Each structure stands twice: as structure tokens, then as C-alpha cells.
Amino acid sequence: MSTPKIFESEYRFCLILWDNEPVSSRRLSELCSEKLGWSKTTTYTVIKRLSERGVLKNEKTIVTSLISKEEAQISEIDELIEKKFEGSLPAFVAAFAKRKKLSDKEIEEIRKIIEDR
């Protein structure tokens with residue numbers, strides 16, 4: 001099963017959810033008001049939309065995620081690689097490495113991640 005698409009504003013909402021779950025929809029609305037400037041109606045609309053898409057569940061006013069932060073990030077990277085790099089992971093890594101100077105520590109961390117696969 002593929003991970004449902006989470007758009008940018010929804011992702012910011014999910015960051016709040018992931019940091020506070022399980023959380024009541026009322027408290028989530030308060031947090032979204034504080035951190036995103038959203039109205040209660042906007043928050044409840046996003047809860048409903050993400051619930052319908054299988055990103056979260058809202059049972060008895062308690063909201064929990066069905067998709068982890070890592071799953072959302074991986075899905076976004078997969079989409080980026082597919083759209084912008086014609087599905088080539090090496091092309092993506094090459095572009096990333098050219099854009100940002102990697103420290104020796106970062107290179108070693110990346111090497112370890114690859115070797116542990």
C-alpha cells in the first residue's frame with residue numbers, strides 16, 4: 001500500500017500531531033492556532049481530510065497518526081526522485097552532494113547507512 005500524499009500545509013499540521021499524539025482534536029486545534037495561526041474550523045477540516053485519506057484516525061475525538069513522520073518523508077523523497085531525477089537515486093545523490101559540501105562526518109554517516117542496507 002502506498003503512502004497517501006501529504007501536502008505542505010498538511011505536513012506542518014502532521015509535525016504538530018506527531019509531537020503530541022495521541023491528542024484530543026480540541027487540543028490539536030489549540031496547538032494549530034498557536035503554531036500555524038489556523039482557526040478551529042481549518043484544523044477540523046484538515047483532520048477530516050487526512051482521516052479520509054488514511055493519514056490519521058480520529059476516534060472519540062482522539063487523533064492519532066496512521067503514517068509515521070519517516071514514512072511521509074520517504075514517500076516525499078521517492079516522489080521527488082521520480083519526478084525530478086527520472087527515478088535515479090544516484091542522480092539525486094550526485095545533485096545533492098554537488099549542492100552542499102558534505103563534512104567528513106556526514107560522508108561517513110552516509111557510507112554507514114549504505115553499508116548497513
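Values in this text are rule-based calculations from the coordinates and carry no lab data. Not measured: the values here are computed from a predicted model. Positions of Cβ are backbone-derived with ideal geometry, glycine not excepted, and every protein chain shown enters the neighbour counts.
At a threshold of 8 angstrom on Cα-Cα distance, excluding pairs fewer than six apart, so keeping six or more, what relative contact order does region 8-69 reach in percent?
It comes to 37 percent, rounded to a whole number.
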Report summary line: Residue separation between Phe7 and Arg26 times 0.36 nm, minus their alpha-carbon distance, gives in nm 4.6 nm
Report task. Please check which bits of region 99-117 a label hung off Lys84 would reach, taking the label as a point 7 Å along Cα-to-C-beta and the cut-off as backbone N under 18 Å. Result -> 99-102
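Starting from region 15-111, pick out the trypsin sites (Lys or Arg not before Pro) whose DSSP state is loop and whose Cβ has at most 15 other Cβ atoms within 10 Å.
Working: sites: Arg26, Arg27, Lys35, Lys40, Lys48, Arg49, Arg53, Lys57, Lys60, Lys69, Lys83, Lys84, Lys98, Arg99, Lys100, Lys101, Lys105, Arg111; in loops: Arg53, Lys60, Lys100, Lys101.
Counting only loop positions with at most 15 other Cβ atoms within 10 Å, the trypsin sites (Lys or Arg not before Pro) in region 15-111 are Arg53, Lys60, Lys100, Lys101.
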Query raised in the report: Which of Glu79, Glu30, Glu106 moves the most in a Gaussian network model of the chain with Cα springs under 10 Å?
Result: Glu106
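Run the helix sum for the chain: -39,500 (n - 2.57) per DSSP H stretch of 4+ residues, divided by residue count, reported at 222 nm to the nearest 500 deg cm²/dmol.
Working: 6 runs with 77 residues, N = 117.
-21000 deg cm²/dmol, from helical runs alone.
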Query raised in the report: Considering the chain as a Gaussian network with a 10 Å cut-off on Cα pairs, which listed residue, Asp19, Asp104, Asp78, attains the greatest mean-square fluctuation?
Result: Asp104
Query raised in the report: What percent does the relative contact order of region 17-117 come to when contacts are Cα pairs within less than 8 Å and at least six residues apart?
Result: 21 percent
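Starting with the fewest neighbours, write out Ser39, Ser29, Ser51 ranked by other beta-carbon atoms found within 10 Å of each beta-carbon.
Values: Ser39 12, Ser29 21, Ser51 15.
Exposure proxy ranking, most exposed first: Ser39, Ser51, Ser29.
Arg53: net charge of surrounding residues, Cβ under 12 Å, Lys/Arg +1, Asp/Glu -1, itself excluded? Let's see the in-between values first.
On the way: positive: Lys5, Lys48, Arg49, Lys57; negative: Glu10, Glu52.
Net local charge, Arg53 excluded: +2.
Report the percentage of all Cα-Cα pairs in region 22-117 whose separation exceeds 20 Å, rounded to a whole percent. Don't jump to the answer; show the numbers that get you there.
On the way: 2619 of 4560 pairs.
When every Cα pair of region 22-117 is considered, 57 percent fall beyond 20 Å.
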Requested in this report: Provide Rg over Rh for region 4-75; use the alpha carbon set for both Rg and the Kirkwood Rh (inverse mean inverse pair distance).
Outcome: 0.92
